[in-house]
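To start, the structure under review is shown below, and the notes come after it.
The values are calculated or read from the model by the stated rules, or taken from the named source; none is laboratory data. Quick caveat, the model's predicted, so the values are computed rather than measured. Ideal geometry is used to build each Cβ from the backbone, glycine not excepted, and the neighbour counts take in all protein chains shown. Accessible surface is based on the protein model in full, side chains and every heavy atom, while ligands, DNA and RNA are left aside. Shrake-Rupley method; radii C 1.70, N 1.55, O 1.52, S 1.80 Å.
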Amino acid sequence: MTHASTLAAPAVPRASLRRRPAASLGTALGLFAVARFAGVAVLAVVAWASGRQPLALLGRSWDSGWYLGIAAHGYGRSLRFPPEIVQSDLAFFPLYPALVRAVEAVSPLGWGAAGLVVSWVAAGVAACGIHALAARLYGRAVATVAVLLWGLLPHSVVLSMAYTEPVLTAFAAWALYAVLAGRWLWAGALASLAGLTRPTGFAVAAAVLVAAVWELWRRRGKVSHRLWTGAALAPLGWLAYVLWVGRRTGDLLGGYFEVQRLWGSRFDFGSGSLRFVRHLLLHGDRLVFPMAMVIVAAAVLLYGLLLADRAPLPLVVYSGVLLLVALGGSGFFESKPRFLLPAFPLLLPLARALVRTARARPWHATVVVGALAGLSFAYGAYLVVVADTPL
């Protein structure tokens, strides 16, 4: 059986992981912070040049306004656009607004600043989780590069905004780490919290459940009660909110999905996306749309490399579910790269390749990182300040 069918692929000796772990993590967090600070600085310059306020753009753009509205006033807001678009705040999961409300209640910060604090702290926690997981599998060098690459993605500006992707990634990274470490109660609890964060949070529960089933089969049912409990906890957060929305709308099982449909978002196995790609190829469109197409295509390629790399089963399942949702969902084509931001395991094959390049040809690796940084900073500023399209 290949590593892709196992829970862990311990390619790194445990002794090597114990050498200066704090220094390695500090380096990774420092590089991540520098990358995001530089990205925000470029965005701020572009915003000021256009007469706009960077903090307002970061804290109150697009979906951020919906989350802050829920934090301040609870659920109950809807916008209607003929002929049949109804945008209800029930489409947004509750954990992030609850965290924002808690920060606002115990600090002198306003709603937008509280949202940014939650996102920035979550991004740091997520970076720590990515580092811990990658170091466990492939060593400290790959872990540091993986964290840096996550901070330099074309849409990584979202990690500095009042959005939920950093929160989901934080729960996902540590839940996957807990699965690989055999800490099933932690894995289930963190997966449940991920399910309260975003609609795609069920990808974490799927990874935990598939890993639990594999472990159950591998051990022929002789497992600890912690595995059963963790597996039972994993989907509870996502199911609880979906059922709550269903009860509130009068359709227990279908209410949430009807809310999404009225937003123009549904799972159609990719037919809507294929039609839009055909439109792009024949007629073209604004930069954000072909860029989104290229990023999604790159994600498919990276998933293939993840499979070829025989990555642990939980990482394959988690990334696969996120990619399936991005490919198979219709509506908001320009948002698909943002939906893939939490799919950090896709970066692991690239991080391993970049580490090998850095050891053999340091200058080549430097050029690659510099090019990624330039793209990330420039495109992030363009997305938030200039593009005027939903993130």
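If you go through the range 76-91 and pick out every residue that is under 25 Å from GLY201 (Cα atoms), in contact (Cβ under 8 Å) with a residue 60 or more places away in the chain and not in a helix (DSSP H, G or I), you end up with 4. Among the residues of the range 46-69, write down those that are closer than 22 Å to PHE93 by Cα and part of a loop (DSSP other than H, G, I, E, B). The answer is SER61, TRP62. Taken across the range 108-116, residues that are small (Gly, Ala, Ser), out of contact with any Gly (no Cβ under 6 Å at 6 or more places or on another chain) and open to solvent by 10 Å² or more (accessible area, probe 1.4 Å) do occur, with at least one present.
Against the criterion of being part of a helix (DSSP H, G or I) and under 14 Å from SER319 (Cα atoms), ALA187 does not qualify. Checked against the criterion of being acidic (Asp, Glu) and surrounded by fewer than 15 Cβ atoms within 10 Å (Cβ to Cβ), the candidates ASP309, ASP268 yield just one match: ASP268. Please work out if SER319 is modelled with pLDDT under 90 and either crowded, with 16+ Cβ neighbours inside 10 Å or over 18 Å from the mean Cα position of the chain (by Cα) (or both). Answer is no for this residue.
Within the range 370-385, being surrounded by fewer than 18 Cβ atoms within 10 Å (Cβ to Cβ) and aliphatic (A, V, I, L, M) holds for ALA371, LEU375, ALA378.
Residues that are under 16 Å from ALA134 (Cβ atoms) and either touching a strand residue (DSSP E or B) at 6+ places or on another chain (Cβ under 8 Å) or not in a loop (DSSP other than H, G, I, E, B) (or both) within the range 330-355 comprise PHE344, PRO345, LEU346, LEU347, LEU348, PRO349, LEU350, ALA351, ARG352, ALA353, LEU354, VAL355, listed in sequence order. For the range 52-74, the condition of being in contact (Cβ under 8 Å) with a residue 12 or more places away in the chain, of a type outside the set (A, V, I, L, M) and touching an Asp or Glu at 6+ places or on another chain (Cβ under 7 Å) holds for at least one residue.
The selection criterion, being outside any loop (DSSP other than H, G, I, E, B) and out of contact with any His (no Cβ under 9 Å at 6 or more places or on another chain), does not hold for LEU252. Just a yes or no: is a residue in the range 203-213 over 30 Å from THR357 (Cα atoms), at pLDDT 95 or above and not in a helix (DSSP H, G or I)? There is no residue in the range 203-213 that is over 30 Å from THR357 (Cα atoms), at pLDDT 95 or above and not in a helix (DSSP H, G or I).
Only residues that are surrounded by fewer than 20 Cβ atoms within 10 Å (Cβ to Cβ), within 21 Å of LEU168 (Cα to Cα) and not aromatic (Phe, Trp, Tyr): list them for the range 75-93, please. Scanning the range 75-93 gives ASP89, ALA91. Taking the conditions (1) closer than 30 Å to ALA146 by Cα; (2) surrounded by 17 or more Cβ atoms within 10 Å (Cβ to Cβ); (3) not charged (D, E, K, R) in turn, LEU68 satisfies each one other than (1). Filtering the range 224-234 to residues that are among the hydrophobic types (A, V, I, L, M, F, W, C) and either surrounded by fewer than 16 Cβ atoms within 10 Å (Cβ to Cβ) or part of a helix (DSSP H, G or I) (or both) leaves LEU227, TRP228, ALA231, ALA232, LEU233. Count of the range 279-289 residues, restricted to those that are more than 21 Å from PHE339 (Cα to Cα) and open to solvent by 90 Å² or more (accessible area, probe 1.4 Å), is 3. Within the set PHE276, PHE267, PHE289, the sole residue that is within 23 Å of GLY195 (Cβ to Cβ) and touching a residue at least 40 places away in the same chain (Cβ under 8 Å) turns out to be PHE267. The set of residues from the range 104-158 being assigned to a loop (DSSP other than H, G, I, E, B), over 30 Å from ALA72 (Cα atoms) and not small (Gly, Ala, Ser) comprises LEU152, LEU153, PRO154.
For the range 333-353, state whether one or more residues are out of contact with any Pro (no Cβ under 8 Å at 6 or more places or on another chain), at pLDDT below 95 and of a type in the set (Asp, Glu). No: the range 333-353 contains no residue that is out of contact with any Pro (no Cβ under 8 Å at 6 or more places or on another chain), at pLDDT below 95 and of a type in the set (Asp, Glu). The set of residues from the range 255-298 being part of a helix (DSSP H, G or I) and under 21 Å from TRP238 (Cα atoms) comprises GLY255, TYR256, PHE257, GLU258, VAL259, GLN260, ARG261, LEU262.
Within the range 235-256, which residues are of a type in the set (A, V, I, L, M, F, W, C) and surrounded by fewer than 18 Cβ atoms within 10 Å (Cβ to Cβ)? Scanning the range 235-256 gives LEU236, LEU239, ALA240, LEU243, TRP244, LEU252, LEU253.
Given the residues LEU159, LEU180, which is the only one that is at pLDDT 95 or above and surrounded by fewer than 24 Cβ atoms within 10 Å (Cβ to Cβ)?
The unique qualifying residue is LEU180.
Being open to solvent by 20 Å² or more (accessible area, probe 1.4 Å) and under 23 Å from PHE269 (Cβ atoms) holds for only one residue in ALA326, ALA298, ALA343, ALA292, and it is ALA298.
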